[in-house]
Amino acid sequence: MRIDRIQLENFRNYEHLDLSFSPEINVFIGENAQGKTNIMESLYVLSMAKSHRTSNDRELIRWDADYGKIRGDVHRKHGNLPLEITLSKKGKKAKVNHLEQNRLSNYIGQLNVVMFAPEDLHLVKGSPQVRRRFIDMEIGQISPVYLHNLLTYQRLLKQRNHILKQNYGKNKVDDVMFDVYNSQFIEAAVQIIRKRFEFMELLQQWAEPIHRGISRGLEELQIRYLPVSGLDPDWAPEEMASFLEQKLKGLQKRELERGVTLAGPHRDELQFLVNGYDVQTYGSQGQQRTVALSLKLAEIELIRQEVGETPVLLLDDVLSELDDYRQTHLLNTIHGAVQTFVTTTSVEGIEHETIRQARLFEVISGQAKE
């Protein structure tokens, strides 16, 4: 899988941009605030139909324009695939092979990317919300059904919270629709949690040997998915649903006191253990970065296994954040195997064959050229 060409129109600080790429490595060089990350963001939006930097699509449109557009020529094993995302005040339109998609969930998955940015180094030590977003974005790329279930769950969670807020301070919920929403909520929650357990098991299989290699055999990585509801991965769906139903009944008094849902995938956590210790609490910064790097490299392998093609790798200003050893390990892994896009202020000091063979683009004030 690769991106052969990108065309931007009124995206961030680019009025027009048309670039063709190397199938191996492409490096965008420039000072800060010139537009390097904006190009990387456009590639991510082309894949995921949303930004990794903002939830407000209006911010993606050039400040004096009414719309923004990203077109990409993607090459997959079955041939070329034109993709297009148009952003406007009216919303978002996505096209696959020039055909508009009625659902974004039908669009996502056409182009698989793995993004590694400085904020991903907070994947280990950051908030649980960061880790949940990581899970959802990665599973969503390889499972349209998961994406559909997640959107359903989020809608039901909003409805459930609305009813709880309306009944704030009461002893019980006085709404005939609550039981209906609750039943649908539990069903969607179980489907999401089961898929997360499955994904985490696959991620563990790939990340464990990668982490062992980066740490020179000194560390063993273990990934744990921890549902706040206490569900067990070995339970059947019916057992999970029954357990979650009882859990929510037991929490209802507290939920009415607070006006929010207290159990479900929206509150679950991910834990990383290195040699049996929680690396978030007890790990050094170097260990935390090794875990983050291991996860990203494992993602590449997992998507390749599930989709049958290698995803595109986006390295946004992250090489400078890694020490020489981790940097070399990363570049050795991707060399000749993964189409990669890199942003950096300079390639000086990066002594690696991968960088020397790269196609270089200079980025200055919303202009990029070889």
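The values are calculated or read from the model by the stated rules, or taken from the named source; none is laboratory data. The model shown is predicted, which means the values in this text are computed figures rather than measured ones. Because the Cβ atoms are built from the backbone with ideal geometry, glycine has one as well, and the counts that use them run over all protein chains shown. To get the accessible areas, we keep the full protein, side chains included, count just its heavy atoms, and leave off ligands, DNA and RNA. Shrake-Rupley method; radii C 1.70, N 1.55, O 1.52, S 1.80 Å.
In table form, for the structure just shown:
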{"quantity": "Output for the stretch 329-354, where each listed residue is in a helix (DSSP H, G or I) and over 15 Å from ILE25 (Cα atoms)", "calculated": "HIS329"}
{"quantity": "Identity of the residue in the stretch 1-13, out of contact with any helix residue (DSSP H, G or I) (no Cβ under 8 Å at 6 or more places or on another chain) and under 16 Å from TYR67 (Cβ atoms), that ends up most open to solvent (accessible area, probe 1.4 Å)", "calculated": "GLN7"}
{"quantity": "Sole exception among (1) over 28 Å from the mean Cα position of the chain (by Cα); (2) surrounded by 18 or more Cβ atoms within 10 Å (Cβ to Cβ) for PRO227, by number", "calculated": "(1)"}
{"quantity": "One residue from VAL96, VAL114 being farther than 16 Å from PHE199 by Cβ and aliphatic (A, V, I, L, M)", "calculated": "VAL96"}
{"quantity": "Subset of the stretch 355-370 (residues that are in a loop (DSSP other than H, G, I, E, B), in contact (Cβ under 8 Å) with a residue 24 or more places away in the chain and not polar (S, T, N, Q))", "calculated": "ALA358, GLY366"}
{"quantity": "From the options ASN97, ASN149, residue that is open to solvent by less than 90 Å² (accessible area, probe 1.4 Å), at positive phi and either among the hydrophobic types (A, V, I, L, M, F, W, C) or at pLDDT 90 or above (or both)", "calculated": "ASN97"}
{"quantity": "Restricting the stretch 213-224 to residues that are open to solvent by 70 Å² or more (accessible area, probe 1.4 Å) and over 25 Å from the mean Cα position of the chain (by Cα), the residue that is nearest to ASN161 (Cα to Cα)", "calculated": "LEU218"}
{"quantity": "Where GLN288 falls short, out of the listed (1) within 26 Å of the chain's Cα centre (by Cα); (2) of a type outside the set (D, E, K, R); (3) not in a helix (DSSP H, G or I)", "calculated": "(3)"}
{"quantity": "Filter pass, PHE116 being out of contact with any Ser or Thr (no Cβ under 9 Å at 6 or more places or on another chain), buried (at least 21 other Cβ atoms within 10 Å of the Cβ), in contact (Cβ under 8 Å) with a residue 60 or more places away in the chain and closer than 30 Å to GLN287 by Cβ", "calculated": "yes"}
{"quantity": "Selection count where residues are open to solvent by less than 60 Å² (accessible area, probe 1.4 Å) and farther than 22 Å from GLN339 by Cα, scope the stretch 14-56", "calculated": "3"}
{"quantity": "Selected residue (criterion: nearest to GLN305 (Cα to Cα)) from residues of the stretch 184-204 that are open to solvent by 50 Å² or more (accessible area, probe 1.4 Å) and either in contact (Cβ under 8 Å) with a residue 40 or more places away in the chain or not in a helix (DSSP H, G or I) (or both)", "calculated": "LYS195"}
{"quantity": "Residue check for ILE163: open to solvent by less than 20 Å² (accessible area, probe 1.4 Å), hydrophobic (A, V, I, L, M, F, W, C), more than 15 Å from the chain's Cα centre (by Cα) and at pLDDT 90 or above", "calculated": "yes"}
{"quantity": "Residue check, SER105 without any contact (Cβ under 8 Å) to a residue 40 or more places away in the chain and small (Gly, Ala, Ser)", "calculated": "no"}
{"quantity": "Count of the stretch 297-324 residues which are closer than 24 Å to GLN222 by Cα, out of contact with any helix residue (DSSP H, G or I) (no Cβ under 7 Å at 6 or more places or on another chain) and either in contact (Cβ under 8 Å) with a residue 60 or more places away in the chain or buried (at least 23 other Cβ atoms within 10 Å of the Cβ) (or both)", "calculated": "2"}
